[in-house]
Structures are given as C-alpha cells and as structure tokens.
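Below: the structure, in structure tokens.
The values are calculated or read from the model by the stated rules, or taken from the named source; none is laboratory data. Note that the structure is predicted; figures quoted are calculated from it, not measured. Positions of Cβ are generated from backbone atoms using ideal geometry, with glycine treated the same way; all protein chains shown enter the neighbour counts. Surface accessibility is based on the protein's heavy atoms, side chains included, excluding ligands, DNA and RNA. Shrake-Rupley method; radii C 1.70, N 1.55, O 1.52, S 1.80 Å.
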Amino acid sequence: NLLYDIQNKLNHLTQLYSLDLGYHKFALFPNLGSCASTILTLNLEWNNLSSVSSEDVTSLSSIRDLNLGYNFLSVFPELCSIGSTLETLALNTNAIRIFETERLECLDKILHLRMWGVPLTSLQNVTVLADTLFMIGIAYTFLSPSEIVYIGNLRNLGELVLTGNDYEDIPDVPTPSTIYYLRLDNNKLKSIPMLKNLGVRLTVLQIFNNPI
C-alpha cells in the first residue's frame with residue numbers, strides 16, 4: 001500500500017533504529033513522533049518531497065544515514081539540526097544544481113555524500129567539507145570536468161565516484177592522496193588519465209566501458 005501520512009502511528013515503537021519508507025507518496029516530511037529520536041537509518045527515497053527543512057528533521061536526534069533520493073528537491077535540504085550526527089546523505093536524482101555553503105558547513109560529521117543523477121553546475125562549495133568528507137559520488141550529472149579541481153581540497157577523501165558523466169578527458173589536477181577507490185567507468189575516456197597523487201594509496205580503479 002502507498003502511504004501519504006503516518007500521523008504518529010509509530011509512537012509505540014520506542015526502540016526503532018531503522019525505518020524504510022521508500023516508494024510511497026509522502027509530499028511532506030513524515031511526522032515520526034516519539035520514535036524519531038532512536039532512528040539511526042531513515043530511507044525516504046522515491047517519494048514526492050519537494051523540500052526538507054531543519055524543523056522537519058530536528059526530532060531525528062540520533063540519525064546517521066538519511067536517504068532522500070528520487071524525490072523532487074530543487075535545493076539542498078536544510079539539515080543543520082542533525083548536522084552533529086548525520087554521516088551518510090543520499091540525494092540521487094533530485095533537481096539540485098548547487099551546494100549552498102550555509103547548508104553544507106553545518107554538517108559536522110558527514111562522511112558519505114551521494115549525488116547520482118543530480119544536475120550539479122559546480123562543486124566549489126563542497127570544499128567546506130574538506131575535513132570530514134570520505135566518499136563523494138558525482139555520477140551521471142554531466143558536471144564539467146573542470147569542476148574536479150575542487151575535489152583536490154577534500155583532504156580525507158577515500159572514495160571518489162565519477163561514473164557516467166561522458167568525460168572524454170579529466171584534467172591533470174591534484175587529487176587527494178588519500179583516495180584508495182576510484183570509479184571512472186561509463187565515460188568516454190580514450191586513455192587512462194594521469195591524476196596526480198593517486199599512486200600513493202589507490203587500490204581499486206574501475207574504468208570499464210570507456211573507449212580506451
């Protein structure tokens with residue numbers, strides 16, 4: 001059955017730590033009532049959300065993993081009220097074009113950011129996460145390869161996904177020497193790019209489905 005609202009129907013679940021509400025019809029962020037404070041993982045992908053405010057999520061005081069993929073968000077969600085606990089955020093296939101600095105810099109613990117199929121125009125503001133971000137997925141966005149220069153400022157980045165962006169070449173720009181996992185598959189690369197520093201720790205390179 002498709003849900004539109006749950007109207008505090010989960011209040012009796014006082015030990016709930018994982019909740020999957022994907023593939024429903026929520027147009028507004030659901031009111032999870034008293035169970036919200038124990039939830040660590042919340043999946044809301046494939047709903048009808050057009051915005052998420054800090055007030056919507058403030059009761060999620062323990063949240064670590066939030067999936068808002070496949071909704072109708074046009075701006076980066078306001079998540080400052082959970083910035084001290086949130087570690088993983090998925091925003092795949094939303095209509096977000098830029099990272100608003102003020103909505104990123106409050107995410108003190110963010111480690112994983114997935115933005116597959118998001119029409120980003122710039123990565124510049126993501127550098128405010130330089131000290132925390134461990135994994136970033138920028139796939140099927142068709143973001144200009146010149147924007148990769150900003151990834152070089154992510155000092156603790158371990159995993160970088162640049163799948164499916166139709167890149168014919170990637171600029172020879174400094175990339176974090178911490179990267180051990182790199183995906184460049186499903187692009188239009190004609191040769192393996194010479195990215196600086198990657199020989200230091202790189203152990204996994206996926207470059208299949210390129211005309212090399």
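Does Leu44 satisfy being at pLDDT 95 or above and within 15 Å of the chain's Cα centre (by Cα)? Against the criterion (at pLDDT 95 or above and within 15 Å of the chain's Cα centre (by Cα)), Leu44 qualifies. Criterion first (without any contact (Cβ under 8 Å) to a residue 40 or more places away in the chain and touching a Ser or Thr at 6+ places or on another chain (Cβ under 6 Å)) does Asp185 satisfy it? It is true that Asp185 is without any contact (Cβ under 8 Å) to a residue 40 or more places away in the chain and touching a Ser or Thr at 6+ places or on another chain (Cβ under 6 Å).
Residues are listed down the side, and each one gets a yes or a no for (1) more than 26 Å from Trp46 (Cβ to Cβ); (2) at pLDDT 95 or above; (3) in contact with a Pro (Cβ under 7 Å, 6 or more places away or on another chain):
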residue: Ser84; (1), (2), (3): yes, yes, no
residue: Asn92; (1), (2), (3): no, yes, no
residue: Thr101; (1), (2), (3): yes, no, no
residue: Asp131; (1), (2), (3): yes, no, no
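Number of residues in the stretch 21-34 that are in a loop (DSSP other than H, G, I, E, B) and open to solvent by 20 Å² or more (accessible area, probe 1.4 Å): the value is 7.
Among the residues making up the stretch 113-134, those that are of a type outside the set (Val, Ile, Thr), outside any loop (DSSP other than H, G, I, E, B) and either open to solvent by 40 Å² or more (accessible area, probe 1.4 Å) or in contact (Cβ under 8 Å) with a residue 40 or more places away in the chain (or both) are Arg114, Gln124, Asn125.
Checked against (1) over 19 Å from Leu189 (Cβ atoms); (2) open to solvent by less than 40 Å² (accessible area, probe 1.4 Å), Glu105 passes all but a single condition, namely (2). In the stretch 35-95, counting only strands (runs of 3 or more DSSP E) that sit wholly within it, the ones holding 1 or more residues that are touching a Ser or Thr at 6+ places or on another chain (Cβ under 6 Å) span 41-43, 65-67.
For the criterion of being farther than 14 Å from Val118 by Cα and open to solvent by less than 10 Å² (accessible area, probe 1.4 Å), Leu86 passes. Could you say whether any residue in the stretch 58-70 is at pLDDT below 95, surrounded by fewer than 21 Cβ atoms within 10 Å (Cβ to Cβ), more than 18 Å from Leu111 (Cβ to Cβ) and not small (Gly, Ala, Ser)? No, that holds for no residue.
Quick check on Asn47: is it surrounded by 18 or more Cβ atoms within 10 Å (Cβ to Cβ) and without any contact (Cβ under 8 Å) to a residue 40 or more places away in the chain? Here the answer is yes, as Asn47 does meet what is asked.
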